[in-house]
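Only one structure is covered here, and it is reproduced in the block below.
The values are calculated or read from the model by the stated rules, or taken from the named source; none is laboratory data. Just so we're clear, the structure is a prediction, and the values are computed from it rather than from any experiment. Neighbour counts run over all protein chains shown; Cβ positions are idealised from the backbone, glycine included. Quick note on the areas: whole protein, heavy atoms, side chains included, nothing else; ligands and nucleic acids left out. Shrake-Rupley method; radii C 1.70, N 1.55, O 1.52, S 1.80 Å.
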Amino acid sequence: MKILVVEDEFYSRKSLVETILRFDSSFVIDEAEDGNEALDKIVKSRYELMITDIRMPVIDGLELVQRTRSECPKLAVAILTGYADFDYALAALRLNVREYLLKPVENERLFALLNSV
């Protein structure tokens, strides 16, 4: 599976990538530290799953999902956030986000997401 991890916090991004690779080391994972970088990568490559932080500089996670929907309607998306905010969750649902993961991410929920994609 090819995955794009979008997270502006370096250590959070690296930790998430390591956890995913522990689940299945054959996964191909690209990283982006903001929404602009993610959009550039999405244009150049096809992903099966994007896991994105919701609060990032330049382009936030919700806007990133909205922009990618026209280019990649079948892309599975998970929102990653430190905020258990109902408005964010509702906005994610409206964008057909597959999973809403709270930081710190529970491995069981992450692994369930990876299995479902």
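Numbers at a glance
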item: Percent RCO, i.e. relative contact order, over the chain, from Cα pairs under 8 Å lying at least 6 residues apart; result: 24
item: In segment 43-117, GluC sites (Glu not before Pro) in a DSSP loop with at most 14 other beta-carbon atoms within 10 Å; result: 106
item: In order through segment 32-43: 3J(HN,Hα) via Karplus (6.51 cos²θ - 1.76 cosθ + 1.60), integer Hz, x for Gly, Pro; result: 9, 9, 7, x, 4, 4, 4, 4, 4, 5, 5, 5
item: Under Karplus coefficients 6.51, -1.76 and 1.60, residue-wise ³J(HN,Hα) of segment 59-64 in Hz, glycine/proline x; result: 10, 7, x, 5, 5, 4
item: For residue 50, distant residues with modelled amide H under 5 Å away; result: 4, 76, 77, 78
item: Nonlocal amide H pairs with residue 56, under 5 Å, H built at 1.01 Å; result: 61
item: Positive dipole terminus of the chain, leading residue within 73, 29, 91 (C-beta point charges); result: 73
item: Vicinal HN-Hα couplings computed from phi for segment 10-20 (Karplus, 6.51 cos²θ - 1.76 cosθ + 1.60; Hz; Gly/Pro x); result: 3, 5, 5, 4, 5, 5, 5, 4, 4, 5, 4
item: Length-normalised contact order for segment 61-117 - Cα pairs under 8 Å, 6+ apart - percent; result: 35
item: Hits among lysines - C-alpha to C-alpha of residue 41 under 18 Å, sequence gap 8 or more where chains match; result: 2, 14, 74
item: Test item: Cα-centred dipole of the chain, Lys/Arg +1 and Asp/Glu -1 on Cβ, debye; result: 440
item: The chain - percent of accessible surface contributed by carbon and sulfur, probe 1.4 Å; result: 48
item: Whether the chain is rounded, prolate or oblate, judged on the alpha carbon gyration tensor where a/c under 1.5 counts as rounded; result: rounded
item: Residue 101 long-range amide H proximity, modeled H, under 5 Å; result: 79, 80, 81
item: Average accessible surface area per residue within the chain, 1.4 Å rolling probe, Å²; result: 55
item: Stretchable slack from residue 58 to residue 18, in nm (0.36 nm times residue separation minus alpha-carbon distance); result: 11.8 nm
